[in-house]
Amino acid sequence: MKTSARLAAALLALVVQAGAFAADAPAVDLPGAADHPLIKRFAGSWLAGQRVSNWDSAVLPAGAELSKADKRQFKDILTLEGKVTQTVYIAPRGKASLEVWRNYEQALNAAGFKKRFACERDCADLYFAWLKTSAPSKAFVWAKGSVETPTGSRYDLTSALSPDDGRMLVGTLGKPGQEATVLIYNSLAANATTGLVATYVQVVEPKAMETGQVTVDPAALQAGLAAEGRVTLTGLFFDTGKTELKPESKAQLDAMAELLKNQPSLKAYIVGHTDNVGSFDANEKLSLARAQAVVAALTAAPYKVDAKRLVPKGLANLAPVAGNGDNAGRARNRRVELVAQ
């Protein structure tokens, strides 16, 4: 009887264990989602979340060194624009974080990956700095489903990653001139108790933004000035971190010149604004230089606006119109305004 009792207890334990493991057996991939063409998933993983932005900005760490003033912030960052694909995978139970990591690393190296930096041990500080800089976890509202621990606790995949056993890799992949920037982070999913490995793959591909989607006319500018004393110049375009106006800014410049011609008594400040990524001093210089570039364009041929009517100012990130916690908010904050004096 004692032997039978032991056998029954062992069988019961197996049933309980099997039931717990079956609970997180691979769910169906998120409908409509697929591996990025450049990077396939670790074998047997299920795709729990994906967001694809046809054109957006992305902020990635440029190196593993952290700011001396703030250990939750990277010393150097990359601000990129183009097609942004973010994907979250959950590996099969029983696979270690290191095994998943090594497989990604080997596959990338075989494909000609150019490593910018990697962290394989004690990466918790990088994880928290990454959260503060890029807010990737906030974007995980697009991740569906949950994972379960062997004891039955369940964690939603909106918090798919964790600092537990985490590793980070950043570099480029692809042909010269068409290289995509890749960030891979893998860790134990949600936290160490799940025993499951989550992998986040972000690919930023260089791509020109589709232009001509917004038309500007002097009447619209005048309406904005009349209503609020200022108007955002949505038709001015700069490359990331640059101060030169792009050719597609011509329609906006035409409208501004027409407004100033029709109202010869109007004097205005041209005010540059940035998001909060990077140092304040660098952002202040960038915002002022962009405002100066707009003034220079309007006072030169063919517009020849009197330079005394326009004063450039740079406010960096002192006057945000949205939160800087995600790409959408940061994009709204990067702007140039026309403000009536």
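FYI, it's all coordinate maths here, none of it is from the lab. On a predicted model such as this, the values are computed, not experimentally measured, just so you know.
To test your reading of the geometry: what angle, between 0 and 90 degrees and rounded to tens, separates the Cα axis of helix 280-299 from the longest principal axis of the chain?
Roughly 40 degrees, rounded to the nearest 10.
In nm², what is the average projected area of the convex hull enclosing the Cα atoms of the range 191-297?
10.9 nm²
What number do you get for the range 23-206 when its Cα radius of gyration is normalised by 2.2 N^0.38 Å, N = residues?
The reported ratio for this selection is 0.97.
Any chance you could list P(r) for the range 233-341, counting all Cα-Cα pairs in 5 angstrom bins from zero, rounded to whole %?
Histogramming the range 233-341 at 5 Å steps yields 2, 13, 23, 25, 18, 11, 6, 2, 0 percent.
Just want to confirm a number: the relative contact order over the chain, from Cα pairs under 8 angstrom separated by 6+ residues, in percent.
Rounded, it is 15 percent for the chain.
Quickly estimate the mean residue ellipticity at 222 nm for the chain, helices only: each DSSP H run with n ≥ 4 gives -39500 (n - 2.57), and the total goes over all residues, rounded to 500.
Helices in the chain give a 222 nm mean residue ellipticity of -9500 deg cm²/dmol.
Among THR151, THR79, THR234, whose mean-square fluctuation peaks in a Gaussian network model of the chain (Cα, cutoff 10 Å)?
Top of the fluctuation ranking is THR151.
Any chance you could give the angle, 0 to 90 degrees and rounded to 10, that helix 97-110 forms with the longest Cα principal axis of the chain?
Tilt of helix 97-110: around 60 degrees.
Considering the convex hull of the alpha carbon atoms of the chain, report its projected area averaged over all viewing directions, in nm², one decimal.
Projected area, direction-averaged: 21.6 nm².
In degrees, nearest 10, range 0 to 90: what is the angle between the Cα axis of helix 2-23 and the longest Cα principal axis of the chain?
Once rounded, the angle reads 20 degrees.
Find the lysine pairs in the range 218-340 meeting two conditions, Cα atoms under 15 Å apart and a separation of 8 or more places or different chains, and report how many there are.
Final tally of qualifying lysine pairs is 8.
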